[in-house]
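Structure record follows, encoded as structure tokens.
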Amino acid sequence: MRLPIIAGNWKMNNSISESIELIGAIKAHDLDEGVEAVVCVPYTSLNEVKRVLEGTTIGLGAQNMHWEESGAYTGEISPAMLKEIGVDYCIIGHSERRQYFNESDDIVNKKVKAALNYGIKPILCVGETLEEREAGKEQKVVREQLLRALKGIEGHEIENIVIAYEPIWAIGTGRTASSDDANSMCGFIRGIIGDEYDETIKGNIRIQYGGSVKPDTIEELMAQRDIDGALVGGASLVADDFVSLINY
Ligand code: 13P
């Protein structure tokens with residue numbers, strides 16, 4: 001059985017005090033213990049959020065990291081720095097980073113490897129643009145992103161990775177992929193993992209869907225065979241909404 005994982009991606013939202021307030025409101029609710037909940041918060045809030053999360057089962061994630069341990073990389077944050085804070089997860093290869101910060105598959109691959117080396121679980125994002133989907137290329141695009149991101153990663157490491165399928169056209173648009181389309185791509189991804197690794201890994205790897213997931217769409221998405229969770233932007237910024245996602 002795969003443990004469902006609902007992760008909030010706060011993106012560039014919430015000051016330190018707003019973060020503390022939001023986490024306080026989330027943890028005041030009873031959360032389903034059969035679901036892993038994670039919040040991926042801005043760097044500036046990581047330390048304080050870690051403190052407020054103490055004694056809860058909610059995991060902490062960052063939204064990006066550099067792949068080197070230290071060095072002359074002005075403005076970057078290393079996996080060692082995140083590990084020191086006690087970060088459990090790190091989103092890697094989000095489409096916003098690929099699109100606005102020129103993150104290539106090669107960089108994504110370096111970051112996934114670095115995260116694994118530091119015991120940080122990558123939430124690896126893949127997904128096609130609307131143009132690519134309309135041209136019928138979505139599987140080709142996602143397959144290439146996935147294989148390049150996982151290059152050189154061994155079977156024993158792969159189960160520490162969560163894959164998030166986020167079609168770019170569904171992010172922040174209010175336009176969710178249908179549960180069939182989302183499930184079909186998640187199944188396609190699982191199939192690739194099976195081909196590249198083995199049946200056990202194929203059965204164990206967790207695959208999330210992301211893109212305008214809301215309290216009224218979560219149940220149907222989570223009922224699909226190959227969807228094991230959600231990576232949530234907007235709805236993770238509202239305590240009641242995020243709690244209803246966790247308690248779907
Ligand atoms: P929205 O849920 O706001 O569409 O964002 C999805 C996303 O990008 C999560 O990483």
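Screening the stretch 226-248 for residues that are part of a helix (DSSP H, G or I) and within 16 Å of L3 (Cβ to Cβ) and picking the one that is farthest from the ligand (Cβ to nearest atom) gives I246. For the stretch 46-99, what are the residues that are polar (S, T, N, Q), out of contact with any His (no Cβ under 9 Å at 6 or more places or on another chain) and within 18 Å of I26 (Cβ to Cβ)? Correct list: N47, T56, T57.
When only residues in the stretch 77-111 that are within 16 Å of the ligand (Cβ to nearest atom) and among the polar types (S, T, N, Q) count, which is nearest to V41 (Cα to Cα)?
Initially, the stretch 77-111 is screened for residues within 16 Å of the ligand (Cβ to nearest atom), giving 89-101, 103, 108, 111.
From the residues that got through so far, the ones that are among the polar types (S, T, N, Q) too are 95, 99.
Details: S95: 17, Q99: 20 Å.
Checked the stretch 77-111; the qualifying residue nearest to V41 (Cα to Cα) is S95.
When the stretch 237-247 is filtered for residues that are touching a strand residue (DSSP E or B) at 6+ places or on another chain (Cβ under 8 Å) and crowded, with 18+ Cβ neighbours inside 10 Å, the ones remaining, listed by number, are F242, L245, I246.
Being without any contact (Cβ under 8 Å) to a residue 40 or more places away in the chain and in contact with a Phe, Trp or Tyr (Cβ under 8 Å, 6 or more places away or on another chain): is that true of E219 here?
Numbers: without any contact (Cβ under 8 Å) to a residue 40 or more places away in the chain: yes; in contact with a Phe, Trp or Tyr (Cβ under 8 Å, 6 or more places away or on another chain): yes.
It is true that E219 is without any contact (Cβ under 8 Å) to a residue 40 or more places away in the chain and in contact with a Phe, Trp or Tyr (Cβ under 8 Å, 6 or more places away or on another chain).
Looking across the stretch 55-78, the residues that are among the β-branched types (V, I, T) and either within 14 Å of the chain's Cα centre (by Cα) or within 22 Å of I5 (Cβ to Cβ) (or both) come down to T56, T57, I58. M81 fulfils the conditions (1) part of a helix (DSSP H, G or I); (2) surrounded by fewer than 18 Cβ atoms within 10 Å (Cβ to Cβ); (3) over 18 Å from the mean Cα position of the chain (by Cα); (4) of a type outside the set (D, E, K, R) except for a single criterion, (2). If the condition is being more than 19 Å from D32 (Cα to Cα) and either among the hydrophobic types (A, V, I, L, M, F, W, C) or crowded, with 20+ Cβ neighbours inside 10 Å (or both), then the stretch 213-236 contributes only G233. Scan the stretch 160-180 for residues that are crowded, with 16+ Cβ neighbours inside 10 Å and among the charged types (D, E, K, R) and the total you get is 1.
Of all residues in the stretch 13-28, those that are crowded, with 16+ Cβ neighbours inside 10 Å and hydroxyl-bearing (S, T, Y) total 1.
Out of all the residues in the stretch 89-99, is one or more under 30 Å from T129 (Cα atoms) and surrounded by fewer than 17 Cβ atoms within 10 Å (Cβ to Cβ)?
Yes: one or more hits.
Taken together, the values in this text are just the output of simple stated rules run on the coordinates, not laboratory data. It should be emphasised that the depicted structure is a prediction, and the values quoted were computed from it without experimental measurement. As a convention, Cβ positions derive from the backbone with ideal geometry for all residues, glycine included, and neighbour counts pool all protein chains shown.
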